[in-house]
């Protein structure tokens, strides 16, 4: 975010600068409180990107296993294994319950190209943002 601040920081007036700082604080706080779970359809993209070894690829593909991951605080952690992507949905919502999160609204969107390049087509990702609006203070 520092690159964005540097690029946009030049020539801002007092009110614009205050708004920008408030928006950056909101994004940082909301990001720190968000949870993202995702499951991949195929293991080959994880192998191609160097995130999965040959043995894990062969075994996981033969058994048709789909790893379930959680993105939290900028780190990706293993959150379980499922056999199919549709079976991952109840597992993801069970993980939300385990984390004490409640889902109120659901928004469907495509993965950004950077993440999709590493996870491949058919990746299902579910993100939960805090229900309260961060104050940025």
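The values are calculated or read from the model by the stated rules, or taken from the named source; none is laboratory data. These numbers were taken from a predicted model, which means no experiment stands behind them. In this analysis, Cβ positions are derived from the backbone assuming ideal geometry, glycine residues included, and neighbour counts consider all displayed protein chains.
Here are some conditions: (1) in contact with a strand residue (DSSP E or B) (Cβ under 8 Å, 6 or more places away or on another chain); (2) more than 20 Å from residue 41 (Cα to Cα); (3) not in a loop (DSSP other than H, G, I, E, B). Residue 101 meets all but one. Which one does it not meet?
Only one criterion is unmet by residue 101, namely (3).
Filter the helices (runs of 4 or more DSSP H) completely within region 1-91 down to those with at least 3 residues that are more than 15 Å from the chain's Cα centre (by Cα), modelled with pLDDT under 80 and on the phi < 0 side of the Ramachandran plot.
Numbers: elements: 2-9, 14-33, 44-48, 54-62.
Filter on region 1-91 gives 2-9, 14-33.
Within 15 Å of the chain's Cα centre (by Cα), under 28 Å from residue 29 (Cα atoms), exposed (fewer than 11 other Cβ atoms within 10 Å of the Cβ) and at pLDDT below 80: is that true of residue 109 in this structure? Let's see the steps before the verdict.
Values: within 15 Å of the chain's Cα centre (by Cα): yes; under 28 Å from residue 29 (Cα atoms): yes; exposed (fewer than 11 other Cβ atoms within 10 Å of the Cβ): yes; at pLDDT below 80: yes.
Yes: the conditions hold for residue 109.
Kindly evaluate residue 127 against the criterion of being modelled with pLDDT of 75 or more and within 17 Å of residue 32 (Cα to Cα).
Working: modelled with pLDDT of 75 or more: yes; within 17 Å of residue 32 (Cα to Cα): yes.
Spelling it out, residue 127 is indeed modelled with pLDDT of 75 or more and within 17 Å of residue 32 (Cα to Cα).
For region 113-121, does any single residue satisfy the condition of being touching a strand residue (DSSP E or B) at 6+ places or on another chain (Cβ under 9 Å) and surrounded by 13 or more Cβ atoms within 10 Å (Cβ to Cβ)? Working first, answer last.
Filtering region 113-121 for residues touching a strand residue (DSSP E or B) at 6+ places or on another chain (Cβ under 9 Å) gives 115, 119.
When the remaining residues are screened for being surrounded by 13 or more Cβ atoms within 10 Å (Cβ to Cβ), the result is 115, 119.
Scanning region 113-121 turns up at least one residue that is touching a strand residue (DSSP E or B) at 6+ places or on another chain (Cβ under 9 Å) and surrounded by 13 or more Cβ atoms within 10 Å (Cβ to Cβ).
For region 56-67, check the following and say yes or no: at least one residue is in contact (Cβ under 8 Å) with a residue 40 or more places away in the chain and surrounded by 10 or more Cβ atoms within 10 Å (Cβ to Cβ).
Within region 56-67, the subset in contact (Cβ under 8 Å) with a residue 40 or more places away in the chain is none.
Within region 56-67, not a single residue is in contact (Cβ under 8 Å) with a residue 40 or more places away in the chain and surrounded by 10 or more Cβ atoms within 10 Å (Cβ to Cβ).
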